[in-house]
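Encoded as structure tokens, the structure appears first; notes follow it.
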Amino acid sequence: MPVSSSRWAGAVALGLALTLGAGLGAAVRGEHTVVRRVTSVVTVDSKPSATPRANANAAVSLPQAQVRRAAAKAGFAFLDPPGLNGEVDRWDPCVPIHYVVDVEVGPPTAAADVAWAIGQVSRATGMRFVDDGTTKEQPDDGRKDVRQTKAGWRWAPVLIALVPDSVFHGKGLHADKDSLAYTDPDIYSDSSGDAQIVTAQVVVDADDLTDGGHDDPGALGPTLLHEFGHLVGLDHVHRSGEIMQPDGGGVTSYGPGDLAGLHYVGRAHGCIADAALPTDSEDFPKS
Ligand SMILES: [Zn+2]
């Protein structure tokens, strides 16, 4: 197998399990190695995180501080603190994001709810999402982030899965016990501060939803809007009217801060130059 010479190569697994997505990024940033972070973000119905990271460091370099301040003012937060160069965890918005859906145990509207929520996040980010169809694949903390296809190696499609309560809180998944859903993005970063989300799992406890549709804050549609915010790089905020509040904010649509954040991590911010390749993955088979 070819050995990649990319700056993203040499990934190290951190195998992080558990909860509020926070904290981890700060430890990873600034190291001079390329690191894969497996960050779990636990969401709706979970308790608010105790320490907002936005206030964690006053002595950061200028781009970092500026980006963080701008986000706080606009009413959104990043999944991890910006890197030294001000870059944040996000997808390469110039490449379509493929996803597969496993909604067999969900409400009758589940497939339509997924499509509806994808449409919202696509519109707000300017990013293109491609539905690769249904799957029987079950979410798994150990899910490989690359796939061999007829066309060559690809990043694994985002897995959007509804599972019964027994699976959601069972072995192999790291759902918080108070949560209704979580998103687990795979993020690669390098020493310059660039970071890239390459795939993710979005897992919903189908038995905890109030309903299908998107008229109720606890229904599948709004739950997915919140999770898809995490999927594209947003963390929780504590501001009324935003769906990225830890408990979903009791709303059924993106608020102004949510939309500003989605816009920031999306197409408007430009492509990622020299994006991470599947051959950079730690799951790419070594020769
Ligand atoms: Zn959340």
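Some values worked out for this structure:
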quantity: Cα Rg, Dmax, region 87-151, angstrom units; calculated: 13.7, 40
quantity: Cross-link partners of Lys136 among lysines (Cα-Cα below 27 Å; sequence separation of 8 or more within a chain); calculated: Lys144, Lys150, Lys171, Lys177
quantity: Residue-by-residue Karplus 3J(HN,Hα) for region 216-222, coefficients 6.51, -1.76, 1.60, Hz, glycine and proline x; calculated: 10, x, x, 7, 4, x, x
quantity: Geometric extent, Cα atoms of region 164-287 - Rg, Dmax (angstrom); calculated: 16.4, 52
quantity: Residues of region 163-232: accessible area per residue with a 1.4 Å probe, Å²; calculated: 28 Å²
quantity: Rounded to the nearest 10 Å², the accessible area of Thr134 at probe 1.4 Å; calculated: 120 Å²
quantity: Under 5 Å, built H, 5+ apart or other chain: amide partners of Gly255; calculated: Ile243, Met244
quantity: Local net charge near Asp184, Cβ-Cβ under 9 Å (Lys/Arg +1, Asp/Glu -1); calculated: -1
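The values are calculated or read from the model by the stated rules, or taken from the named source; none is laboratory data. Just so it is clear, the model here is predicted, and its values are computed rather than measured. Positions of Cβ are backbone-derived with ideal geometry, glycine not excepted, and every protein chain shown enters the neighbour counts. In case anyone asks, the SASA skips ligands and DNA or RNA and just uses the protein heavy atoms, side chains included. Shrake-Rupley method; radii C 1.70, N 1.55, O 1.52, S 1.80 Å.
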